[in-house]
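The values are calculated or read from the model by the stated rules, or taken from the named source; none is laboratory data. Keep in mind the model is a prediction, meaning the values are calculated, not measured. Every residue, glycine among them, receives a Cβ derived from its backbone with ideal geometry; neighbour counts consider all protein chains shown.
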Amino acid sequence: MEIYLDTANLEEIEHVMQLPMLDGVTTNPSILSKQNLQPKAIMKEINQRVDGKVWYQLTKDKSEEMVNEALEIVELLDHPVIKLPMGIEALKACSVLTKQGIETNMTLVFSVSQAILAAKAGATYVSPYIGRMNDIGLEGLQFIEDTVNVFKAQEMSTKVIGASIRSNHDVVAIASRGAKAATMSLKVFKQMLEHPMTDKGLVQFSEDWNVYQNRL
Ligand code: E4P
């Protein structure tokens, strides 16, 4: 399973990106808007700190403009993934970029039918938004399961990346339903890593070891 950090915060990225289990960094316009640098400058800074894929979401409306924006960003990154927000213009641009060998992600996907169209356009990844679906009373996990099943049944190679993930339980739930990737905040990544029983066990082992060593 691929695991991405969903952030443009350079301190956060430096903090964890050396960890070998992280596959890169995903961004979106809202995430970039929290920084005080121009978008291209932030993307370059992220690229310098990440040994993995760096994802950038296009902001233009028309497919030709989207392709041009993508090509400018691809120049800056070692392993780019271009995110396209779901829509007819994005599907057209996705197809063009895929044919040029550029990895793509159709994002803001909220139905299996949208996911099918993204796969048909050649998207490398599609992003069902689990948290935002649950927020409006829909079944985010069922959506993941249905998308994975349809891709399998249709032999579509597009990978499902779970987005809008709110907890480590979401990560496990989407992994067990066949999602090949997940993107998450540092908070959720830490939830994956940490457990109070691990902490308690470490203290106990350390205390027992010290007692034993002092007795010898
Ligand atoms: C990732 O591609 C998405 O942009 C992100 O996971 C959305 O998460 P949010 O719903 O917490 O903003």
Which condition number does ILE136 fail, the rest of (1) surrounded by fewer than 17 Cβ atoms within 10 Å (Cβ to Cβ); (2) touching a Gly at 6+ places or on another chain (Cβ under 8 Å); (3) farther than 27 Å from ILE42 by Cβ being met? (2)
The residue that is farthest from LYS83 (Cα to Cα), considering only those in the stretch 163-215 that are among the charged types (D, E, K, R) and part of a helix (DSSP H, G or I), is ARG215
Can you name the residue in the stretch 1-26 that is within 10 Å of the chain's Cα centre (by Cα) and of a type in the set (Asp, Glu) and, of all such residues, is farthest from PRO39 (Cα to Cα)? GLU2
Inter-residue pairs, beta-carbon under 8 Å, first surrounded by 10 or more Cβ atoms within 10 Å (Cβ to Cβ) and in the stretch 187-205, second of a type in the set (Ser, Thr, Tyr), 6+ apart: VAL188/SER167; GLN191/SER167
All but one of (1) part of a loop (DSSP other than H, G, I, E, B); (2) of a type in the set (A, V, I, L, M); (3) touching a Lys or Arg at 6+ places or on another chain (Cβ under 7 Å) hold for VAL160, so report the exception by its number. (1)
With the requirement that a residue be within 15 Å of ILE174 (Cα to Cα) and under 18 Å from the mean Cα position of the chain (by Cα), what does the stretch 135-159 give you? GLY140, LEU141, PHE143, ILE144, GLU145, THR147, VAL148, LYS159
Determine whether ALA175 is at pLDDT 95 or above, under 15 Å from the mean Cα position of the chain (by Cα) and away from the ligand (no atom under 12 Å from the Cβ). yes
Residue, nearest to the ligand (Cβ to nearest atom), within the stretch 126-157, restricted to residues that are assigned to a loop (DSSP other than H, G, I, E, B) and of a type in the set (A, V, I, L, M): ILE136
